[in-house]
1. Could you list which residues have their amide H under 5 Å from that of Ile171, counting only those 5 or more apart in sequence or on another chain, with H placed in the peptide plane?
2. Once every DSSP H run of n ≥ 4 in the chain is given -39500 (n - 2.57) and the sum is divided by its residues, what mean residue ellipticity at 222 nm do you get, rounded to the nearest 500 deg cm²/dmol?
3. Report the gain in length on full extension from Thr267 to Ala226: 0.36 nm times residue separation, minus Cα-Cα distance, nm rounded to one decimal.
4. Given the pairs Lys91/Lys167; Lys238/Lys280; Lys91/Lys238; Lys347/Lys387; Lys159/Lys238, which span a C-alpha to C-alpha distance of over 23 angstrom in this model?
5. Answer with a single label: of (1) 57, 55, 54; (2) 83, 54, 42; (3) 71, 47, 39, which was calculated as Cα extents along the principal axes in Å from the structure in view?
6. Taking R0 as 30 Å, what FRET efficiency do you get between Phe3 and Leu140 from their Cβ-Cβ distance, rounded to the nearest 0.05?
7. How many angstrom separate the Cα center of region 350-390 from the Cα center of region 81-143?
8. If you put +1 on each Lys and Arg Cβ and -1 on each Asp and Glu Cβ, how big is the dipole of the chain around its Cα centre, in Debye rounded to 20?
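Values in this text are rule-based calculations from the coordinates and carry no lab data. These figures come from a predicted structure and were not determined experimentally. All Cβ positions, glycine included, derive from the backbone under ideal geometry; neighbour counts span all protein chains shown.
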Amino acid sequence: MIFEDLEQRLAALDHQHLRRHRRVVDAPVGPQTVADGKPLLSFCSNDYLGLAAHPLIVDALCEGARQWGAGSGASHLVGGHFRPHEELEEKLAEFVGLPRAITFSTGYMANLAVTPALVGRGDAVFADRLNHASLIDAALASRAEHKRYAHNDVAALEKLLVASTAKRKLILTDAVFSMDGDVAPLAQIFELAERHDAWLVIDDAHGFGVLGPQGRGSLAHFGLPASPRIVLMGTFGKAAGVAGAFVAGDTRVIEWLINTARTYIFTTAAPPALCCALLKSLEIIEAGDALRSHLQARIGQLRSGVADLCAERGWQLAPQTDTTAIQPIIVGQNKTVLDLSQALAAKGLWVPAIRPPTVPNGSARLRVSLSAAHSDADVAALVDALKDCP
């Protein structure tokens with residue numbers, strides 16, 4: 001009976017055009033890839049600066065493995081915190097302009113660590129309605145009251161804060177939203193956090209390395225101060241091109257996370273070789289203005305190239321995303337976007353179709369992810385292919 005029930009639920013996913021399928025990739029990360037044996041021009045990677053296969057980072061990873069081995073052998077607190085971990089945390093804190101940093105194995109684990117460590121029963125979390133799933137899960141895991149405000153609606157957030165009698169308040173938001181590519185109004189949100197004595201926890205997974213002077217992220221992009229109430233999360237598997245994540249903030253916050261964050265305490269530390277690769281990645285990011293300039297040019301090329309097409313077909317090019325690498329084309333219905341994605345694949349382009357529950361019902365989309373590794377010709381090929389699709 002239980003298996004029949006599972007089969008029925010899988011069949012329901014098929015009926016709604018919501019079942020996901022993996023493709024097997026047989027090439028390193030890059031615009032030119034091979035998936036399920038077919039050569040494709042990829043627009044589905046979060047490798048925003050094209051660093052995932054950068055030879056200097058690969059060399060640093062190999063050298064790190066030769067010096068430090070393939071694994072860490074223990075959790076950070078038991079004996080798995082190596083010199084490269086410490087050096088990376090020190091460099092990260094300096095890079096993002098906050099006093100101290102701590103590293104995690106994944107961004108999901110980093111987000112699950114922060115909110116439950118700072119608030120609990122009797123407190124309140126104020127969260128953007130389009131926050132990433134890991135932020136939603138973190139708010140639920142905290143057992144604090146979870147109040148959601150309309151996407152990027154500062155006035156709605158203010159009303160919730162004014163009405164709250166919670167002992168501790170925490171504002172939780174993505175900096176760059178992963179499915180829309182737009183940027184949170186962090187300056188106004190920080191002002192509210194100051195006024196209402198709230199924590200401000202920011203997920204900068206898609207801004208780190210891309211936004212701000214020298215790619216220092218969304219705090220630098222907005223010129224926000226190194227306030228002790230700001231807790232910043234960033235990931236290494238996107239613009240940095242490797243794997244893992246970090247949380248940066250006030251020294252007391254990081255010390256508290258080291259002692260209370262379950263996803264830090266109860267897991268084996270990432271291999272120190274990854275930290276060696278990431279130290280090299282940070283060097284490249286810091287000196288990577290040319291990469292970011294090239295990425296911005298490809299963003300402008302795509303947006304201007306499909307603007308008329310979107311108007312003709314009733315699609316929507318997401319507004320306010322002209323500075324980020326995530327460029328969604330909102331099509332609407334699940335089957336329509338699947339058909340469009342498959343038509344592009346037939347032309348040799350890999351552009352993923354994103355459907356509910358990842359995005360709201362009726363807003364299925366092509367999620368175009370651009371990279372500094374994409375050429376002018378790559379983006380032109382995508383624009384031409386979209387125009388040729390029925």
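1. Counting only residues 5 or more places away or on other chains, the set is Phe126, Trp199, Leu200, Val201.
2. After summing the helix terms and dividing by the residues of the chain, the value is -13500 deg cm²/dmol.
3. Extending this stretch completely gives an extra 11.8 nm.
4. Lys91/Lys167; Lys159/Lys238
5. (1)
6. Here the calculated transfer efficiency is 0.55.
7. So the separation of the two Cα centres works out to 30 Å.
8. Taking the Cα centre of the chain as origin, the dipole is about 700 debye.
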